[in-house]
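The values are calculated or read from the model by the stated rules, or taken from the named source; none is laboratory data. Note that the coordinates shown come from a computational prediction; the quantities given were computed from them, not determined experimentally. Every residue, glycine among them, receives a Cβ derived from its backbone with ideal geometry; neighbour counts consider all protein chains shown. The accessibility values were calculated without ligands, DNA or RNA, using every heavy atom of the protein model including side chains. Shrake-Rupley method; radii C 1.70, N 1.55, O 1.52, S 1.80 Å.
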Amino acid sequence: PHVSNPLPYFLFFFSFTVNLKCVLMSFFRIWASTGLIPRVASIGVVSSIAAGSIYTYRQDDGIRRSTLFWSRAFPMYLHYRWVERRVSDQDDAAQTEAYGRLHRMYAPQAEQLTLQLRGFYLKAAQLVSSFDDSIPKAYLDWCKRLQDAAPVPMRAGQAREIVETTLETKLGRFFDDVFDVWEEQPIGSASIGVVHRARLRESGQWVAVKVQQPGAEHMFRSDLRTIQRFCALAMTQFTKSMEEVERQFLTEFDYRGEAQNLLEIYDNVMPIFGDRVAIPRPILELCHKDILVMEYLEGIRLVDGVRAKFQAMAEQQGLSLEELEANEKQAITEGRRKLRTLEEQKRQSRSMENLIRMVSLLQNTGKVLFNWTLGWIPGVSNFEYSKSETPINLAEVLELLLLVHGHELLMNGCFNGDPHPGNIMLLTDGRLGLVDYGQVKRFTPEQRRAFAELIIALDRDDRDEI
C-alpha cells in the first residue's frame, strides 16, 4: 500500500535490522568458537525458540494483537521523537506547525488501527474522549466518534446462545421458560459485550440483557498490558491513570458485581431523585458472570437527543448542524454571545422555550381560524400546522447530573467511575436514564471530606490548601 511518509517505517526497520544483526553476529561468534556438538545444539535451541515463537504467535490472539499494535504504533512514536529533536530549538509557532502535520498524518491511521483491533484499544479511546484537553484535537475528534462503537462485536445469534447456555448450566433455567420475546438486533454495546432487549414470560416485563463476549477478559487483559507498556514509553502522563484503570476495569468481567453495584446505587439514588432520573434495577436471580438482566429504560442517548433537537433547529433556520455550531462558536469567540452561569442559562433556556411555544401558538391560531372559515371554500388549500422545536434545557440537565453524582460522591460514597456521555439517556417520560455501573468506586467518610475540601479550595483558588 502507498505510504505517505516512509521515514517512520525506515526508522523502525532500521532499528529492527540493527538488533537482528547483533543477534546473528553473537550466534555466529558462538558458532565459530565451538565444536560440532555445541553447533548442532545451538541450531536446535534456535530452531526450538523460532518454532515456539511461531506456534505461540499463531495460537495466542493477545500476542498477535500486541504485535500488530507495536508494528503500527512504534513507527509513529519514532517519527514523533525524531520531529521533537529536530524542532526542539525552534519557536512555539514552528513546533506547533510541525506537530500539527504529524497529528493530521497519524490521527487517521490511529483511528483505523483502533477500529481494526477494537477491544481495550477502543475502550481506551472512549475513556480519553471525555477529556477535551487530554490529547491533540485531531485524535480527540475520532475518539469522540467512537463513543458508541462496540469494543467486542458478536456474530448474529451468539448472544442468545450464551444466554441459553448460562441459564441452563449455571442457573438451572430454560431460555423459553424465562423469555417469551428476544430481539436479535442489539440495542446497544457494552464495554465487553452487547445489550439485547427481551421480555420476561412470567411478568411480561421488558428487560435489557447485557451479554459478555467469550474471551473478552483474556483479550482485554492482554490489550491493557500492551497499552501500559506503550504509555510507559511514549505517554508517561497516562501511566498512573492506566494503573488505576487496570485496578478498576478488571472488576467488570463478573456481571454479578455490576448487578450488586446497580442495586446499591438504585437504593441510594432513586428514593431522592426518582422523579427526575431512572436507574435500571437488576433482576438478581437471572444474573451470572456472563449475563446481566435488568429493567429496560425506554429512550435514546442524551447526546443523540440533543443532536436531533439542534438538527431540527438548524433546519428551521436553513442551516446544517455544522453551520449552526460554527455560527455559535464564532459568536462566542467574537464576544457576541455572552457566557453565562448555570442559573442564568437555565432562565434563558426557559424563556426561549416559552417564546418558541408562544410563537408557535400564534402561528397555529391563525391557521386554525383560516382553515375553519375560508378553508371550507372549495379549491382553497388549508395551511399545515407547524410544530416548533424547543431546545433541550442543557443547563437543567447538567445541574441535575451534578446533583445526582454529587450525592453519590459525598453522601453515599458509592459512585459511577465511568460516567461518560454514552451512559446518560433521555427517556420518553422526560427523566434522565443513568446506566452502566460496571465501574463503581467507593469513598470512605474521610475521603469524602477530603474531596469536599478539595472542591472548596479549587473554587477559592486556594493553592496552599489544594
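A few points about this structure:
- The requirement of being modelled with pLDDT of 80 or more and either loosely packed, with under 13 Cβ neighbours inside 10 Å or closer than 27 Å to residue 256 by Cβ (or both) is satisfied by residue 442.
- Selection from the range 96-127 of residues that are without any contact (Cβ under 8 Å) to a residue 24 or more places away in the chain and open to solvent by 50 Å² or more (accessible area, probe 1.4 Å): 96, 97, 101, 112
- In the range 161-185, the residues that are outside any helix (DSSP H, G or I) and either touching a His at 6+ places or on another chain (Cβ under 9 Å) or open to solvent by 90 Å² or more (accessible area, probe 1.4 Å) (or both): 171, 174, 182, 183, 184, 185
- Test: residue in the range 289-300 that is without any contact (Cβ under 8 Å) to a residue 12 or more places away in the chain and either surrounded by fewer than 17 Cβ atoms within 10 Å (Cβ to Cβ) or assigned to a helix (DSSP H, G or I) (or both): no
- Listed by first and then second residue, the pairs with beta-carbon distance under 9 Å, at least 6 apart or on different chains, first residue in the range 128-144 and open to solvent by less than 50 Å² (accessible area, probe 1.4 Å), second modelled with pLDDT of 85 or more and of a type in the set (Lys, Arg), are 138/104.
- Flag: residue 250 does not match the condition of being under 22 Å from residue 67 (Cβ atoms) and within 19 Å of the chain's Cα centre (by Cα).
- Residue 333 being farther than 24 Å from residue 427 by Cβ, more than 41 Å from the chain's Cα centre (by Cα), of a type outside the set (Asp, Glu) and loosely packed, with under 12 Cβ neighbours inside 10 Å: no
- Index of the failed condition, residue 415 passing every other in (1) in contact with a helix residue (DSSP H, G or I) (Cβ under 6 Å, 6 or more places away or on another chain); (2) open to solvent by 50 Å² or more (accessible area, probe 1.4 Å); (3) not hydroxyl-bearing (Ser, Thr, Tyr): (2)
Results for (1) out of contact with any Ser or Thr (no Cβ under 8 Å at 6 or more places or on another chain); (2) without any contact (Cβ under 8 Å) to a residue 24 or more places away in the chain; (3) in a helix (DSSP H, G or I), shown as yes or no for each residue.
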{"position": "379", "(1), (2), (3)": "yes, yes, no"}
{"position": "402", "(1), (2), (3)": "yes, yes, yes"}
{"position": "406", "(1), (2), (3)": "yes, yes, yes"}
{"position": "447", "(1), (2), (3)": "yes, no, yes"}
{"position": "450", "(1), (2), (3)": "yes, yes, yes"}
{"position": "454", "(1), (2), (3)": "yes, yes, yes"}
{"position": "459", "(1), (2), (3)": "yes, yes, yes"}
{"position": "466", "(1), (2), (3)": "yes, yes, no"}
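- Residues considered: 117, 200. Of these, the only one that is modelled with pLDDT of 95 or more and either of a type in the set (A, V, I, L, M) or in contact with a Pro (Cβ under 7 Å, 6 or more places away or on another chain) (or both) is 200.
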